[in-house]
Amino acid sequence: MSIEVRHVTKTFGTFTALQDVSMKVDDGELVGLLGPSGSGKTTLLRIIAGLEVPDDDGRSAVLFHGEDVARRQAGQRQVGFVFQHYALFKHMTVYENIAFGLRVRPRHQRPPRSEIHRRVTELLRLIQLEAFGQRYPAQLSGGQRQRVALARALAIEPRVLLLDEPFGALDAKVRQGLRNWLRRLHDKLHMTTVLVTHDQEEALAVSDRVVVMNQARIEQEGTPAYVFHNPASEFVMDFLGDVNVFPGRIEHGRAVLSGMTIDVPGLTRHPGGSTKVYVRPHELEVRREPVTEPNLPARVVRINQAGSFAKITLTIEGGSEIQVDLPFERYQEINLQPGETVYVSPRKVRVFGAEYMI
Amino acid sequence: MRWGWKQPSVIPGFGLTLGYTLLYLSLVVLLPLSALFVRSAALSWEEFWDIITQPRVVASYRLTLGTSLVGASMNVVFGFIVAWCLVRYRFPGRRLLDALVDLPFALPTAVSGIALTTIYSQHGWLGRHLEPLGIKAAFSPLGITIALTFIGLPFVVRTVQPALEELDDEAEQAAASLGATRWQAFWRVIVPSVLPAVVTGFALAFARALGEYGSVVFIAGNMPLKTEITSLLIVTKLEQYDYAGATAIAATMLVASFVILLVINTFQWWVSRSYQRGV
């Protein structure tokens with residue numbers, strides 16, 4: 001079941017949550033909707049689910065498998081929706097929660113009791129909570145509750161699965177476990193899924209494709225690898241990971257920053273002038289001796305060795321701090337000490353065109 | 001000293017507050033009540049039994065319990081609607097309406113009684129139109145029920161209101177996305193969630209109605225065996241200096257009320273036992 005959203009605008013009073021947004025999710029795809037809070041991602045998800053109605057401007061459309069569902073209410077869209085704070089029915093047991101969607105069906109569509117029991121038992125096994133059917137939500141941990149919420153959504157055999165920050169309220173370890181579990185589940189069921197998150201790591205790790213949103217618009221879409229390595233704007237660059245920003249200038253198609261002149265491919269048509277140059281921490285090389293490549297003297301301030309990368313904080317001329325991630329082996333090889341002066345040279349820099357400037 | 005049943009707690013003052021609670025309850029509630037039983041103990045068992053089983057007395061029990069039950073039940077339905085309206089919708093005059101709910105609390109009960117009698121009597125604004133329909137509002141059990149509904153309304157509204165406010169609207173949205181109709185979501189998700197509060201509101205309104213005097217005596221008509229409530233009977237006995245008789249009836253009423261409230265509280269505990277634990 002593919003999902004398509006066309007020209008959707010949504011305003012709440014004077015606040016614009018979505019500004020003419022169009023997006024497509026292919027059948028069986030897991031798409032991560034990524035953005036900071038207030039970027040409109042949750043509103044977009046709720047519009048797909050039918051929990052929110054887009055502004056009526058005559059152009060907007062929400063299509064499931066090519067069929068317009070804009071007039072259909074949430075309950076008729078066969079959508080599995082999972083809320084950030086679980087939204088389980090507190091007065092029902094886990095079993096009753098999962099069975100709810102089947103039990104509220106009109107009589108002629110309702111499966112017989114034995115069929116409901118079979119389906120619920122199967123889902124309890126799927127979420128690995130077979131022994132917890134008779135518990136109440138208050139007696140479960142956060143991760144368990146979210147799994148119940150997912151099973152409840154799956155019980156109605158939805159055509160699409162929509163997840164609104166499903167792991168946002170859980171602690172890091174549980175979040176990672178559930179995230180991997182979700183991905184395995186998706187690989188098994190191949191259900192068209194949209195996952196809203198503000199955690200770029202989460203979106204990049206589970207999604208087939210990510211859609212990055214900012215200020216009511218879509219900034220960029222693509223595979224996680226493509227978007228991470230080819231960010232289309234300063235915003236995406238900044239949002240998808242740590243980044244060093246150097247103030248600089250463009251002269252004759254080359255970037256000049258803090259005394260370095262660097263060739264940037266595709267910059268020849270840039271009109272020139274002052275700009276910002278972006279370098280990811282792992283794209284900086286650190287050496288003890290100056291080399292012929294463009295480089296920058298810097299002083300080591302702090303070294304954080306915990307992790308597969310040594311995270312080194314340095315100060316450059318003018319006092320601003322930069323961040324360098326060195327693979328741990330490389331860090332041990334050169335054996336840096338705080339206070340040392342080193343030479344930093346970027347392997348890859350990015351400059352964004354004027355159209356992205358605010 | 002460690003008491004076996006006392007959980008160690010980081011919040012201090014258990015001993016102090018329990019001691020104060022017992023002392024305060026003894027002074028304010030238990031002492032006057034025990035005086036009641038002591039007073040009625042002046043009677044022998046036969047005399048006591050005679051007094052509390054007189055047809056006039058039994059009729060008053062039946063009337064008081066019946067009208068209180070109906071009044072409290074009506075308040076559950078209409079109080080719920082009022083609370084729902086005040087919590088769920090924003091409209092001009094909402095705050096004013098909200099304040100109006102407390103009025104039956106604030107009015108002296110005699111004032112409400114006179115006001116209700118004026119409206120519902122044969123020549124009153126409403127009574128005038130009910131009379132041709134064959135409905136005798138004032139000076140009938142119906143009148144008593146009206147008065148008890150009037151004074152009990154705030155109890156239900158004020159207990160249900162916070163429960164509705166705390167309701168998780170995402171649970172309703174979840175119900176909707178799972179295919180439940182508005183009606184199903186209401187009965188299967190909303191009502192069970194606020195049921196403990198509704199039961200509490202019912203218990204309070206009912207308890208208040210059992211003991212109500214001021215607002216009822218004017219509208220009741222006070223005909224023995226027909227529209228005479230128990231509290232009025234007690235006052236009548238007191239006026240005739242029949243203290244023992246008054247206390248005997250009062251003690252009976254007290255025990256009955258206590259048992260009923262205990263049953264309601266147990267039911268309330270049972271309703272909320274499982275899912276009010278934890279979050």
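The values are calculated or read from the model by the stated rules, or taken from the named source; none is laboratory data. Predicted, not measured: the structure shown is a model, and the values here were computed from it. Because the Cβ atoms are built from the backbone with ideal geometry, glycine has one as well, and the counts that use them run over all protein chains shown.
Below is a table of values for the structure above.
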| read-out | value |
| --- | --- |
| Residue match in region A:135-144 (condition: more than 11 Å from chain B (Cβ to nearest Cβ), over 22 Å from A:E29 (Cα atoms) and surrounded by 22 or more Cβ atoms within 10 Å (Cβ to Cβ)) | no |
| Residue within region A:10-22 that is closer than 30 Å to A:I127 by Cβ and touching a helix residue (DSSP H, G or I) at 6+ places or on another chain (Cβ under 6 Å) present | no |
| Residue list for region A:4-44, restricted to those being of a type in the set (A, V, I, L, M, F, W, C) and out of contact with any strand residue (DSSP E or B) (no Cβ under 8 Å at 6 or more places or on another chain) | A:F12, A:F15 |
| Tally, over region A:186-205, of residues that are surrounded by 20 or more Cβ atoms within 10 Å (Cβ to Cβ) and either among the aliphatic types (A, V, I, L, M) or closer than 18 Å to A:E122 by Cβ (or both) | 5 |
| Subset of region A:262-286 [at pLDDT 80 or above and under 13 Å from A:R347 (Cα atoms)] | A:V277, A:Y278, A:V279, A:R280, A:P281, A:H282, A:E283, A:L284, A:E285, A:V286 |
| Selection count, region A:124-159, where residues are more than 22 Å from B:E172 (Cα to Cα), out of contact with any Gly (no Cβ under 9 Å at 6 or more places or on another chain) and part of a helix (DSSP H, G or I) | 5 |
| Residue pairs meeting the criteria (Cβ under 7 Å; at least 6 apart or on separate chains; first in contact (Cβ under 8 Å) with a residue 40 or more places away in the chain and over 21 Å from B:V29 (Cβ atoms), in region B:233-259; second of a type in the set (S, T, Y) and crowded, with 21+ Cβ neighbours inside 10 Å) | B:L233/B:S60; B:A244/B:S40 |
| Residue in region A:134-148 that is of a type in the set (S, T, Y), farther than 24 Å from A:V69 by Cα and at pLDDT 90 or above present | yes |
| When residues of region A:1-41 are limited to those that are outside any loop (DSSP other than H, G, I, E, B) and among the acidic types (D, E), the one farthest from A:A205 (Cα to Cα) | A:D20 |
| Candidate set: region A:42-55, residues that are hydrophobic (A, V, I, L, M, F, W, C) and assigned to a loop (DSSP other than H, G, I, E, B); chosen: the one surrounded by the fewest Cβ atoms within 10 Å (Cβ to Cβ) | A:V53 |
| Residue in region A:100-108 that is part of a helix (DSSP H, G or I), facing chain B (nearest Cβ under 8 Å) and either in contact with a Phe, Trp or Tyr (Cβ under 9 Å, 6 or more places away or on another chain) or surrounded by 15 or more Cβ atoms within 10 Å (Cβ to Cβ) (or both) present | yes |
| Enumeration of residues in region A:56-84 that are assigned to a strand (DSSP E or B), among the small types (G, A, S) and within 14 Å of chain B (Cβ to nearest Cβ) | A:G80 |
| Qualifying residue in region B:242-254 (condition: among the charged types (D, E, K, R), out of contact with any strand residue (DSSP E or B) (no Cβ under 9 Å at 6 or more places or on another chain) and more than 14 Å from chain A (Cβ to nearest Cβ)) | yes |
| Wholly enclosed helices (runs of 4 or more DSSP H) of region B:112-181 bearing at least 1 residues away from chain A (no Cβ under 14 Å) | B:127-130, B:141-165 |
| Selected residue (only one of B:A244, B:A175, B:A163 is among the small types (G, A, S), more than 30 Å from A:I48 (Cβ to Cβ) and buried (at least 18 other Cβ atoms within 10 Å of the Cβ)) | B:A163 |
| Residue that is surrounded by fewer than 17 Cβ atoms within 10 Å (Cβ to Cβ), away from every other protein chain (no Cβ under 14 Å) and touching a helix residue (DSSP H, G or I) at 6+ places or on another chain (Cβ under 7 Å), where the choices are A:E115, A:E130 | A:E130 |
